[in-house]
Each structure stands twice: as structure tokens, then as C-alpha cells.
Amino acid sequence: MNQNKSNRFMPLLMALCVVIGILLGSFLSNHFSGNRLNIIGSGSNRLNNLLHIIDDQYVDEVNIDSLVDKAIPQILNDLDPHSVYISAKDMQTAADDLKGSFSGVGIEFTIRQDTIHVQNVIKNGPAERAGIIAGDKIVSVDGKPFVGKSVTNEEAMHKLKGPKDTKVKIGVVRYGQHGIKYYTVTRGDIPQKSISAAYMLDDNTAYIRIKNFGENTYPELIVALANLSKQGFSNLVIDLRDNTGGYLKSAVQMANEFLPKNKLIVYTQGRKSPRQDYRSDGRGAYQQIPLVVLINESSASASEIFAGAMQDNDRATIIGRRSFGKGLVQQQIEFPDGSMIRLTIARYYTPSGRCIQKPYVPGDEEDYELDIMQRYTHGEFFSQDSIKHIGPAYHTGIGRVVYGGGGITPDIFVPEDTTDVTSYYKLAATSGLMLQFAYEYTDNNRQKLKAYDTMQDLAAYLSKQGIVEKFATYAEAKGLKRRNLLIKRSHKLLERFLVSRIIYNMLDEEAWTQYINIDDPVIMKTIKVFEQNAAFPKLPSAKKASGRTALSSMPTLHFSQLNCVAWMPQSIYQDIVDPNLFVPDFKRDKIYIA
């Protein structure tokens with residue numbers, strides 16, 4: 001009887017013990033959490049618990065979101081130089097970098113003396129239609145003053161960009177006129193051009209400069225080639241100097257245009273990312289055109305994919321200096337709050353099997369970023385013998401030796417020309433005085449300069465204006481001591497720089513490119529290669545094609561199966577399974593578009 005009663009109450013007693021245990025555990029946890037919380041989970045649990053502890057018990061109020069924004073980059077920095085975090089507030093700018101278009105007012109601007117200076121207006125864009133012209137200084141936006149220390153690129157973008165068909169009231173000060181003029185601009189789609197120049201170098205040679213690999217790079221290329229075809233080109237130069245990358249898909253599409261069927265363009269592979277090959281489909285219209293590709297130390301990522309594909313397939317001659325050396329693949333992963341990371345998930349390899357990623361030490365970002373300066377210091381910009389190949393040797397399809405582990409080494413090296421560089425020229429360039437003078441000269445003489453609407457006419461006019469002498473007087477007033485002998489020695493370089501910037505200010509980037517290409521040693525060498533019929537690489541006389549990987553034996557993934565992207569503003573992302581991959585991008589001038 002007693003035994004039965006005891007059995008009857010046993011479940012109740014056990015339940016009561018469990019409840020008491022839970023209450024006791026909760027009490028102890030709360031009581032001791034400030035001193036010794038029992039964190040025994042995984043690393044991610046420890047991080048979550050740490051944030052909860054800080055939020056709950058830290059002596060002062062803490063913005064947890066801000067803390068996370070600062071902590072994540074540090075974690076990613078310990079992985080590699082190109083895995084990065086982009087906060088929600090920076091997402092739009094990052095997304096606009098390589099898109100085919102964005103919504104804004106349609107101006108190119110610089111910020112000088114805490115004021116927005118309109119460098120150029122986009123033709124047929126919203127600002128031009130409203131009446132804003134190059135040379136205007138923006139002093140107010142939507143009725144509020146916008147000058148002084150608050151004027152930053154980020155704040156200017158925030159105020160001038162916006163949803164399509166919305167309006168913004170812009171107040172400008174115009175040279176030679178009194179007071180502020182107000183214009184109401186209706187925002188619209190502003191095209192982002194990847195191709196900054198496409199013209200004929202001579203009667204036979206077409207030249208195309210591509211500054212990044214964006215969403216519309218391939219269609220732009222096809223249009224440029226079609227227009228140049230009307231002028232009857234028989235040789236082609238693709239200039240990728242200072243092109244720091246973009247979408248992998250665009251690079252592969254471009255390469256496909258020049259390669260015969262079933263040629264490997266690039267492949268990617270990582271610990272969790274199975275090897276994926278990208279091959280040509282044989283539909284390219286320019287498979288037989290003599291081709292030269294130009295690169296330098298700022299050609300990176302998607303640029304190196306294209307150059308590597310042309311080099312390893314013996315399709316083009318590569319001219320210039322060793323490229324950057326970016327061979328890591330990033331995937332873009334978004335968080336619910338709108339922020340995202342670009343995480344390295346694989347490496348990419350050129351057709352011969354080489355990875356051209358230069359060495360790095362995880363967490364040592366400073367040394368990685370100083371690599372270009374170290375190349376300069378070690379003499380690599382001036383002598384091909386100073387290039388140190390740290391990776392193994394590979395072979396192209398016909399047996400030419402190429403190297404991995406540090407960028408694309410050109411087939412023909414052209415050194416940096418420093419013959420007329422003097423200490424005066426260095427100070428004038430690095431101080432920013434030449435850019436300032438060029439802008440002020442343009443602004444003060446805009447009405448006269450408008451009479452010359454071609455590069456040739458404007459350059460001829462400027463050559464008679466004593467630009468270098470005027471600059472020397474201007475610079476001396478700004479504190480740069482006049483050195484007549486040094487100015488005489490660097491006269492050609494000074495004039496070239498100053499005139500090119502005035503041409504850019506008055507015309508556009510294509511006119512600027514045409515002018516600086518006139519006496520560019522790399523362009524001159526390229527013309528000689530075409531004259532010697534040497535654009536197609538030749539089989540080495542005493543070597544046989546026997547690389548580590550036979551190109552013809554590689555697995556096949558045809559071009560039609562491509563579903564991948566890549567680019568690079570601060571890092572590079574290329575998504576192997578969906579279009580969220582990318583490759584970095586280094587900005588050259590502080591000229592912005594809004």
C-alpha cells in the first residue's frame with residue numbers, strides 16, 4: 001500500500017526537482033554573470049555572449065552595432081587582404097561602383113577648398129538639361145548651405161544621388177557672374193562607362209582603354225569594336241593599365257571574343273568550392289585579329305584574368321610592367337541589416353595552371369599594400385632584370401615559360417621613363433599644385449578654351465600659351481621655390497601633365513587619353529610590334545611545349561554555362577555559383593560622379 005503511494009508520487013517529486021534545479025540555475029547564472037559566466041560553447045557563441053555581456057553590464061552605454069562594425073573588419077583582416085566587410089551605410093556606394101548605371105544628377109566633380117567644383121556634366125544628363133555647366137561651384141543643396149568642412153565625397157553623394165524622378169534644388173556660383181543661381185534637377189539614370197577611350201592610333205591600329213570590368217563592359221566593347229570596324233582597323237590594342245578589376249563574367253566574355261572554341265579562359269578552386277572551368281564557345285568575332293594587351297602594376301584581378309588567358313593561350317602579346325598579383329576569389333554574403341562581407345572562397349588559376357596571387361601574411365595588411373612601393377624601390381619599374389619570380393614556372397600552349405605567384409609578367413617589358421624627372425617635378429606633382437593650377441587655369445579661361453572642341457586643336461592652342469612658365473609663377477606664390485634649371489630639364493614632363501589635365505577638364509577622358517598616348521613609350525613599342533607582325537607570340541626556337549598542365553587535357557565547362565561575377569573597390573569578389581563575385585578597384589583621381 002505504502003509502496004504504491006510512493007510510486008504514485010515519484011513523477012511529481014521528479015518534476016518538482018527539475019523546476020527547483022531550473023530556478024536555482026537561473027539564480028546562480030544571474031548572480032555570478034558579472035564575474036564568471038560559463039561560456040563553453042563554440043567561438044561564435046563566445047562572441048555572441050561577449051556582446052550580450054557588454055550590452056548588459058558595461059559601465060557606459062555602448063552602441064553594439066558600431067562595435068560590431070569595427071570588430072568584423074579586424075576578424076576578416078586576419079584571413080587575407082581581400083576579405084572585407086561593408087557596412088549598410090556604404091552598401092549603395094559599393095553597389096554603384098560597377099553597375100551599368102545609377103540614379104543621380106549627372107555631374108563629375110572634385111572637392112577643392114571645401115567646395116564642390118563641377119568638373120564636367122554628363123551629356124544629355126539631368127544636370128545639363130537643368131542648366132548646370134562645367135566650372136560651376138555648388139554652394140547649396142535643397143535650400144541649405146553646402147560648403148565648408150561638412151563637404152565630403154560621402155556627404156555629397158548622399159545629397160546628390162537619390163531615387164529616379166526625385167528632385168533636388170542646387171545652388172551654384174558661376175564664374176564671371178554675381179550671386180547664386182538655383183537649378184531644380186530631376187534625378188535620372190546616369191550611365192557608368194567602363195570604356196573611357198576607343199579611337200584609331202593610326203590608319204591600321206584601333207585602341208580601346210578599359211578602366212574597369214562592370215556590368216556593361218562587354219556590350220560596350222562590342223559597340224566600340226563595331227564603330228572602329230567602320231574605320232577599317234587591322235590591329236587592336238586593349239589597354240588595361242590601372243584597371244583594378246571588376247566582374248569576372250565581363251572578363252570571361254571579353255576573352256571569349258578573341259579565342260577559338262574550347263580554349264580554357266580561367267578556372268577557380270577552393271577548399272569548399274569545387275574546381276570550375278570557363279571555356280570559350282568559339283563564337284567570338286575577332287579570333288584572328290592581331291592583338292596587344294597593355295598592363296602595369298595597377299592592373300589587377302579581372303584584368304589579370306583577361307591578360308592571363310591571352311598570354312597562356314598564346315593569343316596576344318602582353319606589353320608593359322608586371323601586374324598587381326590578385327588571385328583570390330571573393331563571394332558576396334549579405335546580412336539582414338543590409339551590410340555584407342566579401343569572403344575569399346577560392347583562388348583563380350590561368351589556363352596554364354598558375355595562380356598569380358602575390359604572397360601575403362594574414363593580418364599584415366600594411367606590408368601587402370606597400371608591395372608596389374617596394375617594387376619601385378627595388379628597381380622593378382626600371383629594369384626587367386629586377387623582377388623576382390617567386391612562383392614556379394609554367395608553360396603556355398606553345399611552350400613559352402610563364403610564372404605564377406606574383407602577377408602577370410609581360411612578354412615585352414617597357415620601363416618607367418624617369419629621364420627628365422627632377423626634384424622640382426616630384427614636388428610639383430606630389431603636392432597637388434599641378435592639379436590645382438590646371439583646374440584654376442581652366443576655370444579662369446573657360447570661355448576662350450570653349451572655342452577648341454578637339455584634342456588636337458586645344459593642345460595646339462595650349463602649346464603657345466606658356467603654360468609651364470605660368471605654372472612656375474603660380475607654384476612659387478604657393479610656396480614651391482622656383483628652380484629654373486630643373487624646370488628647364490623637366491619642361492616636357494611639366495607641360496605634358498598640365499596640358500593633359502586642362503584637356504581633361506575641358507573635353508573628356510578620351511581626349512585626355514589621346515593626348516598622353518602621343519608620346520607614351522608603351523604605345524610606341526606596341527606600334528613597332530604590329531609593324532613587325534609580332535603580335536601573335538612565336539614558338540620558342542629551342543623549347544618544346546611541355547608545361548605542368550597540358551591545356552588540351554583540362555576538364556570542360558563551356559562558356560554558355562557561365563554564371564559568375566567579380567570586382568574590386570577595396571577587395572575582390574567573385575561568386576562561383578551565383579552572380580555575387582568580385583575583384584578590387586583602385587581609384588586614381590579624386591573625381592567623383594553623382
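A count restricted to region 203-219 and to residues that are charged (D, E, K, R), at pLDDT 95 or above and surrounded by 20 or more Cβ atoms within 10 Å (Cβ to Cβ) stands at 1. In region 512-549, of all residues being of a type in the set (A, V, I, L, M, F, W, C), closer than 30 Å to Pro392 by Cα and at pLDDT 95 or above, the one that is surrounded by the most Cβ atoms within 10 Å (Cβ to Cβ) corresponds to Val522.
Do we have Tyr439 as over 23 Å from Lys137 (Cβ atoms), open to solvent by less than 80 Å² (accessible area, probe 1.4 Å) and either part of a loop (DSSP other than H, G, I, E, B) or in contact (Cβ under 8 Å) with a residue 12 or more places away in the chain (or both) here? The answer is no for Tyr439.
When Arg283, Arg241 are screened for being open to solvent by 20 Å² or more (accessible area, probe 1.4 Å) and more than 19 Å from Ile408 (Cβ to Cβ), only Arg283 passes. Cβ separations smaller than 6 Å between residues 6+ apart or across chains give the following pairs from region 252-278 residues that are on the phi > 0 side of the Ramachandran plot and surrounded by fewer than 20 Cβ atoms within 10 Å (Cβ to Cβ) to residues that are part of a strand (DSSP E or B) and of a type outside the set (Val, Ile, Thr): Asn262/Arg279.
Listed here are the helices (runs of 4 or more DSSP H) enclosed by region 41-153 that have at least 2 residues being at pLDDT below 90: 43-57, 64-77, 91-96. Scanning region 106-164 for residues being within 21 Å of the chain's Cα centre (by Cα), open to solvent by 60 Å² or more (accessible area, probe 1.4 Å) and either small (Gly, Ala, Ser) or under 20 Å from Lys450 (Cα atoms) (or both) gives a total of 0. Of the residues Gln330, Gln311, the single one that is touching a residue at least 12 places away in the same chain (Cβ under 8 Å), assigned to a helix (DSSP H, G or I) and either acidic (Asp, Glu) or buried (at least 24 other Cβ atoms within 10 Å of the Cβ) (or both) is Gln311.
Being open to solvent by less than 10 Å² (accessible area, probe 1.4 Å), of a type in the set (S, T, N, Q) and either at pLDDT 90 or above or within 19 Å of Gly246 (Cβ to Cβ) (or both): is that true of Ser303 here? It is true that Ser303 is open to solvent by less than 10 Å² (accessible area, probe 1.4 Å), of a type in the set (S, T, N, Q) and either at pLDDT 90 or above or within 19 Å of Gly246 (Cβ to Cβ) (or both).
Could you check how many residues of region 154-163 are under 19 Å from Gly188 (Cβ atoms) and in a helix (DSSP H, G or I)? Adding up the residues that qualify gives 5. Among the residues of region 177-198, just one is over 22 Å from the mean Cα position of the chain (by Cα), touching a residue at least 60 places away in the same chain (Cβ under 8 Å) and in a loop (DSSP other than H, G, I, E, B), namely Arg187.
Consider region 421-465 and keep the residues that are among the acidic types (Asp, Glu) and at pLDDT below 90. The one that is nearest to Leu480 (Cα to Cα) is Glu440. So which residues in region 286-300 are among the small types (Gly, Ala, Ser) and either open to solvent by 30 Å² or more (accessible area, probe 1.4 Å) or within 24 Å of Gly399 (Cα to Cα) (or both)? If the condition is that a residue be among the small types (Gly, Ala, Ser) and either open to solvent by 30 Å² or more (accessible area, probe 1.4 Å) or within 24 Å of Gly399 (Cα to Cα) (or both), then Ser298 is the only one that fits.
Checked against the criteria, Asp371 counts as surrounded by 14 or more Cβ atoms within 10 Å (Cβ to Cβ) and among the acidic types (Asp, Glu). Residue-level check: of (1) in contact (Cβ under 8 Å) with a residue 24 or more places away in the chain; (2) under 30 Å from Ile527 (Cβ atoms); (3) assigned to a helix (DSSP H, G or I), Lys470 misses just (2).
The set of residues in region 482-496 that are open to solvent by 60 Å² or more (accessible area, probe 1.4 Å) and within 13 Å of Ala429 (Cβ to Cβ) contains only Arg496.
Evaluation of Tyr348 against the conditions (1) touching a Phe, Trp or Tyr at 6+ places or on another chain (Cβ under 8 Å); (2) open to solvent by less than 40 Å² (accessible area, probe 1.4 Å); (3) without any contact (Cβ under 8 Å) to a residue 60 or more places away in the chain shows that the sole unmet condition is (3).
The values are calculated or read from the model by the stated rules, or taken from the named source; none is laboratory data. Note that this is a predicted model, so its numbers are computed, not measured. Heads up, the Cβs are rebuilt from the backbone with ideal geometry, glycines too, and the neighbour counts pull from every protein chain shown. Note: accessible area is taken over every heavy atom of the protein model, side chains too, but ligands, DNA and RNA are not part of it. Shrake-Rupley method; radii C 1.70, N 1.55, O 1.52, S 1.80 Å.
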